[in-house]
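A.B. asks: What follows is a structure written as structure tokens; I'll ask about it next.
The values are calculated or read from the model by the stated rules, or taken from the named source; none is laboratory data. What you are looking at is a predicted structure, and each value in this text was computed from that prediction instead of being measured. Quick reminder, even Gly has a Cβ in these numbers, built from the backbone with ideal geometry, and neighbours come from all protein chains shown.
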């Protein structure tokens, strides 16, 4: 730490600063502050005139290596603890007291003279585009934002940071005071003092505030909290270590701070093997000890509500406003909001009103074209007397918003469990044999044609042998048409996750988005391919549903639905890809079912 540079910077920013104020700012004794001022004056860095000090040309030159070159703001993540707000808006773009958090950061950086600002984006990346025109920022896209933590974001920004003095921020930091400067004289991480037990990352510091160790959790400690400043010397040492970590399996969920922590405690060399960069410890970092309540990192929506009263009763969020209307309560009474793992079609979150828990479903992008919500509402209404589905509190047949009871302690079916799948097949048989009907069909020929049309309207269908496989699927649809089998109300989307096992032993069948009149055997085929069953397990599930060996026709029908279902959902995935959603290898797995079960049918009949 260069204390003479700190004296020069403080005098540049506050020419009339007293030595007592300077001592307080530097965290040194009055005598030390007096000595530093005299040294700077003797070196020709400052001049004193009465009660004021002035930086000389020599002082300006002395400060130049400490000039901040730019800032990187990490804004790629989803912000799951802020649902449902983050379903619509990235966390960094949420407003606090009428100002978006990331815009406040940009404004504070610019006020300090830092105008070269890069934002690493991922989730809802398009929402940040306006900042380019408004503030002249640069955007870098992190394609791994949904599967990796912020170590990956720093990796994608490394070229912006190499050889430069840089601030590193998370977009959801809110600073009451502006902690930034035109010049920074040492590498630091913002720190607040936490009394009592804390789960934050805690510093062990020497007398000068240098970081000796970082631990997860502690008691009565200075903690990592807010932005960081990393000098070019720090980054020259640190970035190669971070790149080593980025390449290692098992570090996908690491923060960049994990790398520094392990460099400090020696774990980096052990984890990564022989590397002179990692064996030499860690670059020097200090705690920038800030006053209490000067920096906020909102952990969840509840914390934001306590800080900014706007979010208590008027969040301007459609889902929360809906819940308030349905339950006739102010938004402040919607509690314990937490994210549910996003489904392939919808987004959902849990919440509590009073002592009861509920789940709110929000239709995902593009589902308005894919799902007829009026038909879904009709299916729910039709099966209500059977008592096999969830208790729906509210359903909007126009938007698809649904609020239903949440069953604490419940779980999804396990497709590898024979007992679970036996119970699931019982529920399907009960639905199929109930005699309940609706006024619409699930027509797989029509759906394939519709999805194909949607895909082609947005681009090519990427499978090389698509035309050949499409013709094969037409043969299977002809087989189904000629079979002329009876229709019942089928669920169609009979994935194991749609079977809910309650603590009292009941099994519920949820999410009737695709339900319609169809051959009941479609539910067996769909359940099998959703579970990624191999041939042996598919045949096992058929016997489990029928409670006997299938006839030749029944086996052919189920195989045909398995092939057509795989083909249909592979098209669905292609369409979702064009909407910007990715589902990994799902499209390939489904397409393989289409080809494999077509072959099985004709091998069996040849």
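A.B. asks: Being surrounded by 19 or more Cβ atoms within 10 Å (Cβ to Cβ) and outside any loop (DSSP other than H, G, I, E, B) is the filter here, so list the residues in region 361-376 that pass it.
C.D. replies: 361, 362, 363, 373, 375, 376
A.B. asks: I would also like to ask the following. When you scan region 181-193, do you find a residue that is assigned to a helix (DSSP H, G or I), under 27 Å from residue 101 (Cα atoms), in the same structural domain as residue 93 (by TED's automatic domain parsing) and touching a residue at least 40 places away in the same chain (Cβ under 8 Å), even just one?
C.D. replies: no
A.B. asks: Residue under question is residue 296, and the condition is that it be under 21 Å from the mean Cα position of the chain (by Cα), crowded, with 19+ Cβ neighbours inside 10 Å and either closer than 30 Å to residue 185 by Cβ or at pLDDT 85 or above (or both); does it hold?
C.D. replies: Yes.
A.B. asks: Which condition number does residue 511 fail, the rest of (1) surrounded by fewer than 21 Cβ atoms within 10 Å (Cβ to Cβ); (2) within 25 Å of residue 389 (Cα to Cα) being met?
C.D. replies: (1)
A.B. asks: Is it the case that residue 167 is farther than 30 Å from residue 580 by Cα, at pLDDT 95 or above and not in a loop (DSSP other than H, G, I, E, B)?
C.D. replies: Judged against the criteria, residue 167 is a match.
A.B. asks: Please state which of the following conditions residue 348 fails to meet, knowing it meets all the rest: (1) farther than 18 Å from residue 514 by Cβ; (2) modelled with pLDDT under 95.
C.D. replies: Residue 348 satisfies every listed condition except (1).
A.B. asks: Of all residues in region 304-340, count the ones that are in a helix (DSSP H, G or I), without any contact (Cβ under 8 Å) to a residue 60 or more places away in the chain and closer than 21 Å to residue 364 by Cβ.
C.D. replies: Counting residues in region 304-340 that are in a helix (DSSP H, G or I), without any contact (Cβ under 8 Å) to a residue 60 or more places away in the chain and closer than 21 Å to residue 364 by Cβ gives 1.
A.B. asks: Right, another one. Mind checking which residues of region 216-271 are surrounded by fewer than 14 Cβ atoms within 10 Å (Cβ to Cβ) and within 30 Å of residue 293 (Cα to Cα)?
C.D. replies: Those that are surrounded by fewer than 14 Cβ atoms within 10 Å (Cβ to Cβ) and within 30 Å of residue 293 (Cα to Cα): 216, 217, 219, 220, 253.
Quick grid of which residues meet (1) over 28 Å from residue 578 (Cβ atoms); (2) modelled with pLDDT of 95 or more:
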position: 428; (1), (2): yes, yes
position: 432; (1), (2): yes, yes
position: 441; (1), (2): no, yes
position: 448; (1), (2): no, yes
position: 452; (1), (2): no, yes
position: 477; (1), (2): no, yes
position: 483; (1), (2): yes, no
position: 489; (1), (2): yes, yes
position: 499; (1), (2): yes, yes
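A.B. asks: Answer with yes or no whether residue 589 is within 40 Å of the chain's Cα centre (by Cα), outside the structural domain of residue 122 (by TED's automatic domain parsing) and either within 20 Å of residue 466 (Cβ to Cβ) or assigned to a helix (DSSP H, G or I) (or both). Please lay out each step first, then the result.
C.D. replies: Values: within 40 Å of the chain's Cα centre (by Cα): yes; outside the structural domain of residue 122 (by TED's automatic domain parsing): yes; either within 20 Å of residue 466 (Cβ to Cβ) or assigned to a helix (DSSP H, G or I) (or both): yes.
Against the criterion (within 40 Å of the chain's Cα centre (by Cα), outside the structural domain of residue 122 (by TED's automatic domain parsing) and either within 20 Å of residue 466 (Cβ to Cβ) or assigned to a helix (DSSP H, G or I) (or both)), residue 589 qualifies.
A.B. asks: Please go through region 44-63 and pick out each residue that is exposed (fewer than 15 other Cβ atoms within 10 Å of the Cβ), at pLDDT 85 or above and in a loop (DSSP other than H, G, I, E, B).
C.D. replies: 44
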